[in-house]
Ligand SMILES: Nc1ncnc2c1ncn2[C@@H]1O[C@H](COP(=O)(O)OP(=O)(O)OP(=O)(O)O)[C@@H](O)[C@H]1O
Ligand SMILES: CC(=O)N[C@H]1[C@@H]2OC[C@@H](O2)[C@@H](O)[C@@H]1O[C@H](C)C(=O)O
């Protein structure tokens, strides 16, 4: 059977760079042929981070950052093609998420907006491959949150016939998918939503206090002591009590939010890191208990799956649930989101819906994204 090749490119709220996969869908299930990742150039990362906060001349800066992102994306596409010996002409399309700099669904005028910095036209020009971008806007136009979009892909990849499966993506932001058994009588309604912070605050604190981009294995957090008063204060943020559909981002959980929580009290940096890690663990575990109570399996993906300390805390907080990285269930943690955008791009090209109204609250299923022909 002829290959049916798509590329998926994801740069997420951790701002750690680009993850990309080349995937073949000809066998009915996704088969990743190649994986590549690239860190952002320092100046591009700084600008993408800065654009998460209101500033001067944002239109100009966002346009140029979109060009820079397209060039970084094109570099990952070139790496994928070279590593797999694939000609660009053999790839049907590239799904390019872009870099979220604002996410304000349903605010201000009932539709709100979500902005992913990107330049899909430049990416199409640089790669010679059709590009699918702007995946979230159509869901907002239909009254949805525009995020998370991966639950539909999680269902395709991880769902089981006879048991409920929970999937937790721990990226900059953490998001949970609840996948009922596919043989559920009356149909299996998928739930999904953003839990809250994933790695973003932990990364920021680690960069600020240790000069490291992230807490490898969660070892620094493990060396500290959770601060109960601070943890209670963090957990009191109203977002955590919101009923889904709900989504969030750096618009809320950002260094300014953290600074306001810490106030002027001096705390040992390692203890703050331990507390931020515990915040992620407790919020995610509480959501699994509340919305996935009959799950016996929690599959963890995203870079946070490599945080051994965080996974250990999840295991303690979720007795009776098997907590495992996605590697054991189909795809390595760092590949899942990029693979999702290859899968979403394929849906768009086939004019199939990519969103799940049961997740985002949209008025219905919609074909997502815009196509930029090579
Ligand atoms: N070995 C490791 N130990 C601990 N944490 C790690 C490790 N490797 C990666 N991470 C964490 O994973 C993060 C990157 O994860 P990922 O690429 O899934 O985030 P993202 O896709 O940008 O976020 P989002 O899912 O919110 O879009 C890093 O910033 C870091 O916090
Ligand atoms: C607006 C936006 O970019 N949201 C991201 C973010 O990162 C994780 C979580 O919040 C998720 O809701 C989403 O990305 C994934 C890919 C999603 O849409 O499923």
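Where a number appears in this text, it was derived from the coordinates with a stated rule and is not lab data. A quick note: this is a predicted structure, and the numbers were derived from the prediction, not measured. We place every Cβ from the backbone using ideal geometry, glycine too, and count neighbours over all the protein chains shown.
Our compactness index for the stretch 13-92, the C-alpha radius of gyration over the empirical 2.2 N^0.38 Å, is 1.34. In the chain, the calculated helix contribution to ellipticity at 222 nm averages -11500 deg cm²/dmol per residue, counting -39,500 (n - 2.57) for every DSSP H run with n ≥ 4. Where the centre of each part is set by its Cα atoms, how far does the stretch 117-154 sit from the stretch 58-105, in angstrom? First find each Cα centre; the distance between them is then 11 Å.
Between residue 184 and residue 324, the FRET efficiency from the beta-carbon distance, with R0 = 25 Å, is close to 0.65. In this simple spin-label approximation, residue 38 and residue 4 carry label points 7 Å from Cα along the Cα→Cβ vector, and these lie 2.9 nm apart.
Packing, taken as the mean count of other beta carbons within 10 Å per residue, orders the peptides 142-149, 108-115 from highest to lowest as 142-149, 108-115. Converting the Cα gyration tensor eigenvalues of the chain into ellipsoid dimensions via √(5λ) gives semi-axes, longest first, of 30, 25, 20 Å. Estimated at 0.36 nm per residue, the fully extended path between residue 208 and residue 241 surpasses their Cα-Cα distance by 9.0 nm.
Of the residues 329, 322, the one with the fewest other Cβ atoms within 10 Å heads the list, and the complete ranking is 322, 329. From most to least packed by mean Cβ count within 10 Å, the peptides 200-207, 165-172, 227-234 give 165-172, 200-207, 227-234. Comparing mean-square fluctuations of 237, 308, 294 from a GNM of the chain with C-alpha springs under 10 Å, the top value falls on 237.
The value of relative contact order for the chain, using C-alpha pairs under 8 Å at least six residues apart, is 22 percent. Size of the stretch 172-318: Rg and Dmax of its alpha carbons, in Å, are 15.7, 55.
Averaged over residues, the count of other Cβ atoms within 10 Å places the peptides 48-55, 360-367 in the sequence 360-367, 48-55, highest first.
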